[in-house]
1. Please provide three numbers in whole Å: the alpha-carbon extents of the stretch 66-162 along the principal axes, with the largest listed first.
2. Any idea how far the Cα center of the stretch 139-159 sits from the one of the stretch 60-92, in Å?
3. When the Cα atoms of the stretch 96-138 are enclosed in a convex hull and the volume is divided per residue, what value in Å³ results?
4. So which lysines pass the test for LYS109, namely a Cα distance under 21 Å, with those fewer than 8 places away in the same chain ruled out?
5. With label points built 7 Å along Cα→Cβ from the Cα atoms of ARG104 and ASP141, find their separation and express it in nm.
6. Using a 1.4 Å probe on the protein heavy atoms only, what accessible surface does LEU67 show? Give it in Å² to the nearest 10.
Amino acid sequence: MKLIWITASALVAVAAAGCSDDEPSSSAATSTVASSVSSMTAAPEPSVAAEPGGGVRITLGETEKVLVPADAVMDIKVPAEWGAAASGLRCTVTDSTGRNEDLRSSDVKKRESIAGKDWTTIWTFSSPPAAEISVGCKDPDAKITATDIDYIRVAPRGLNPR
């Protein structure tokens, strides 16, 4: 309902400005109306890209919220092309109370192909079902060189995005 009133008001303002002999005020009124209407209708871009299968992409160096599905163990995956440099990553997983979750790793890193690229699981963690947790990984020693992938994947185990 508010949008109708704003649009109607904007049309009246534009019409009134168009009838005026003062050229600068009509162009100012038009640009103000256009910018206010476009700013209301533009949707903000999400900062986290959803992954097929319930996972999310998180840009390296950022921390984002992840919702843990029921009965799931979550995996943190990195591009296999990062190789040994991925061992220098420092990842944190924090629950809503600020408590750090236990990250588990093994010497054998699971490798799989997702969307045409090879990915390696570097950490696994679990949380209660429907918990919203914060996940982030940093490269404090700058070991990751420029690649075409600058994000990690956090995904429930057993659900592979394709």
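The values are calculated or read from the model by the stated rules, or taken from the named source; none is laboratory data. None of these values were measured; they are calculated from a predicted model. Every residue, glycine as well, gets a Cβ built from its backbone with ideal geometry; the counts of neighbours run over all protein chains shown. Note: areas computed on protein heavy atoms with side chains; ligands, DNA, RNA excluded. Shrake-Rupley method; radii C 1.70, N 1.55, O 1.52, S 1.80 Å.
1. 34, 30, 25
2. 6 Å
3. Given the Cα convex hull of the stretch 96-138, per-residue volume reads 121 Å³.
4. Answer for LYS109, where 21 Å is the Cα cut-off: LYS77, LYS117, LYS138, LYS143, listed by chain and number.
5. Rounded to a tenth, the inter-label distance reads 2.6 nm.
6. Surface open to solvent at LEU67 totals about 110 Å².
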